[in-house]
Amino acid sequence: MPQSSPASDLSSIVEIRNVSFGYDAARPVLRDVSLAIPRGSVVGIMGQSGCGKTTLLRVIMGAYFPSAGTARVLGHATGELDHAGLYAMRRRMGMLFQFGALFTDLSIFENVAFPLREHLRLPEELVQDLVMMKLHAVGLRGAAHLMPTELSGGMARRVALARSIALDPQLMLYDEPFTGLDPISFGVIVRLIRELNDSLGATSVIVTHDVQEALDVVDYVWFMADGKVIAQGSPDEIRASAEPFVNQFVNGKIEGPVPFHYPAPAYGADLELAPS
Amino acid sequence: MLIGTLRARLERLGETVTSSIWRLGFASRFLFYLAMHSGTAMRRFRLTIAQIYFAGVLSLVIILVSGLFVGMVLALQGYETLQRFGASESLGVLVALSLVRELGPVVAGLLFASRAGSAITAEIGLMKATEQISAMEMMAVDPIARVVAPRFWGGVISMPLLAALFSASGIFGGYLVGVQLIGVDAGAFWSQMQAAVDWSKDIMNGVLKSVVFGIAVTWIAVFEGYDAPPTAEGVSRATTRTVVTSSLAILALDFVLTALMFTGGNH
C-alpha cells in the first residue's frame, strides 16, 4: 500500500475541490465546497445544525462520494477507490463519533484492542501493552476492566478516543466531540485533541457547532451555512468577522440572518383570527 | 373523481407490490453478500461459537420445557384416541413421529424466532442506532463479516440442534405420561417406536426442515436488524416484523416441505 500517490499535494492531507452532494437530486446538502486541510494542523468545520458539515465529514471519510467535484483524502480520490482501497484508506484514519459508539458487548480493554485484533496479528502481550499505553494517554488505564455502560459520557468519549488512535492514524476526524460534556470533561477532551494531534504527528478535523469552545483549540476554521463555505480564517479572524451570519453564530445572538421562527404561514392565520 | 380515487388506490397497490419485491431482492442480495463474506465467521470460529451460545444455549430452557410439555400433551391426547382402536401400545410411535416430523422443527422454529430471532434483530438494530456499525466501518472492519455473519451461522447451526433437543425432550415427556402415568407397557412403547421411525424418511427429513427454518429465521432476523431505521421506533418495528415474518415463513415452508417429503408414496 503506497503511502500517497505521486500526484497528491504533499502539503494538504485533505483536498475538497468543488464538491457537491445531495441525498437526492432535489435537495443538495453540499454546494460547490472547496477546502484544503494542511498536514499537521487542527482545523474546525463549523456551522449551524443541518448546514452540511457532518455530511462533509462523511464525504471525507468516504461514507458518501461527491456527486460533483473531487474529494482527495490521504492522496486518494475517494470516488475512485474500490471497497478494499477505501478500507485501506480508513485504516490510516481515526474517527471519534458524537457519543463514542463504543461496542457495548465488549469491555473497555477489548474496545481499544478491537482495531488491533482485527487488523494486526500481534502477540497478546503486545496487544496488552499497546492498549494500556492508549488508555494511559486518555487517563483511563484503571478503567480497562469496566464495561462501557459503567462509564460517564465524558469517560466513554475518552475511551472512544483511545480506540480511534489505536492504529496511530494520520488523520483524525471528530464529529461534535464537545456535545453534552461537563466543563471538566470538556477541558480534558480539548487538551487531548491537541496533545494527541501533536504527539502522533496527525492532522485533526473537528466538526462542531460549539463555536466558542472550538475556536480555542483549532488553527483554522471553515464556516458553513446552507451547504456552502461562507467564511474561513484563523480563530481571531472568525471572531472579528463582519459577515452577519458568522457574527450572529459566534456571539450567539437571537437577531440576525438566521431567523428564530421556522418558515410558517402568518401567525394570525394559524390561530384562525379574522384579519383586522 | 371516482377515476381519480381508483387511480390513487391502484398506484398505492402498485407501489406496495414493487416495494415488497424490491425489498425481497435487497434481502436476497444481502444474503448473497453475507454468504460471500462468511470467511471471518469460519476462520475465527470463536466468534460464531459465541453466537451459538447466545442463540442456542440461552434458548435451551424454553426449548426443553416446551418440548417436555408438548410431548406430555401428545401422550395424553394420543392415548385417548389410540385406546379406542385398541392400539394404545403404538403411543410411542405416535409421539415420536409427530415430534420428529412436524412439531419438533415447527414449534422449536417458532420458539427460536421469538427467543433468538428477535434478540438478533434488536441487537443489530441497536448497534446501528448507536453508531457501532458505522464505527466499525470507519475502522475498516466490514460489519457484515464481523457482526452479521457470525450471528447468521450461529443461528443456522443452533436451530437443528434445538429442534433435535425439542423432539428428544418431547419423547421423554411422552414416556413420562404414557408409560409412568398411564401405564402403557414400556417395552412396547420403545420397541414400536424403534421399529416404526425411519432414519432417512422421518429423522433426516425433520432435520432438513429444521435446517431450512434455521436459515429462514436467522436470515430474516439479521436482515431486519441491519435494515432497521436507526431509531427506537424503527428497531421496535423491525423486531416485531422479525417474529411475525419468520413465524409465517416457518408455517408456509413447513407446508411446502411436507408436501415434497411425505407425499411421494401416494403417486
(request) May I ask you to list the residues in the stretch B:119-161 that are closer than 22 Å to B:Arg241 by Cα, of a type in the set (Lys, Arg) and surrounded by fewer than 21 Cβ atoms within 10 Å (Cβ to Cβ)? (result) none
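Each row is one residue, and each column tells you yes or no for (1) touching a strand residue (DSSP E or B) at 6+ places or on another chain (Cβ under 7 Å); (2) farther than 14 Å from A:Val205 by Cβ; (3) of a type in the set (Lys, Arg); (4) away from chain B (no Cβ under 14 Å).
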{"residue": "A:Tyr23", "(1), (2), (3), (4)": "yes, yes, no, yes"}
{"residue": "A:Ile37", "(1), (2), (3), (4)": "yes, no, no, yes"}
{"residue": "A:Gly50", "(1), (2), (3), (4)": "no, yes, no, yes"}
{"residue": "A:Lys53", "(1), (2), (3), (4)": "yes, no, yes, yes"}
{"residue": "A:Met89", "(1), (2), (3), (4)": "yes, yes, no, no"}
(message) Only one of B:Leu91, B:Leu82 is in contact with a Ser or Thr (Cβ under 8 Å, 6 or more places away or on another chain), surrounded by 15 or more Cβ atoms within 10 Å (Cβ to Cβ) and part of a helix (DSSP H, G or I). Can you tell me which?
(response) B:Leu82
(message) Restricting to the stretch A:119-150, name every residue that is charged (D, E, K, R) and either on the phi > 0 side of the Ramachandran plot or surrounded by fewer than 18 Cβ atoms within 10 Å (Cβ to Cβ) (or both).
(response) A:Arg121, A:Glu124, A:Glu125, A:Asp129, A:Arg141, A:Glu150
(message) Just to be sure before I move on: is A:Phe99 at pLDDT below 85, within 14 Å of chain B (Cβ to nearest Cβ) and touching a helix residue (DSSP H, G or I) at 6+ places or on another chain (Cβ under 8 Å) in the structure I sent?
(response) yes
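Give the residue, chosen from A:Ala88, A:Ala63, A:Ala71, A:Ala36, that is in a helix (DSSP H, G or I) and either out of contact with any helix residue (DSSP H, G or I) (no Cβ under 8 Å at 6 or more places or on another chain) or closer than 28 Å to A:Leu161 by Cα (or both).
Among A:Ala88, A:Ala63, A:Ala71, A:Ala36, only A:Ala88 is in a helix (DSSP H, G or I) and either out of contact with any helix residue (DSSP H, G or I) (no Cβ under 8 Å at 6 or more places or on another chain) or closer than 28 Å to A:Leu161 by Cα (or both).
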(request) Might you let me know whether the stretch B:48-57 holds any residue that is away from chain A (no Cβ under 14 Å), among the aliphatic types (A, V, I, L, M) and either on the phi > 0 side of the Ramachandran plot or in contact with an Asp or Glu (Cβ under 9 Å, 6 or more places away or on another chain) (or both)? (result) no
(request) Output the qualifying pairs, or none if there are none: Cβ atoms under 7 angstrom, residues six or more apart or on different chains, first residue in the stretch B:188-213 and in contact (Cβ under 8 Å) with a residue 40 or more places away in the chain and among the acidic types (Asp, Glu), second residue part of a helix (DSSP H, G or I) and surrounded by 14 or more Cβ atoms within 10 Å (Cβ to Cβ). (result) B:Asp202/B:Leu97; B:Asp202/B:Val100; B:Asp202/B:Arg101
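The values are calculated or read from the model by the stated rules, or taken from the named source; none is laboratory data. These figures come from a predicted structure and were not determined experimentally. Because the Cβ atoms are built from the backbone with ideal geometry, glycine has one as well, and the counts that use them run over all protein chains shown.
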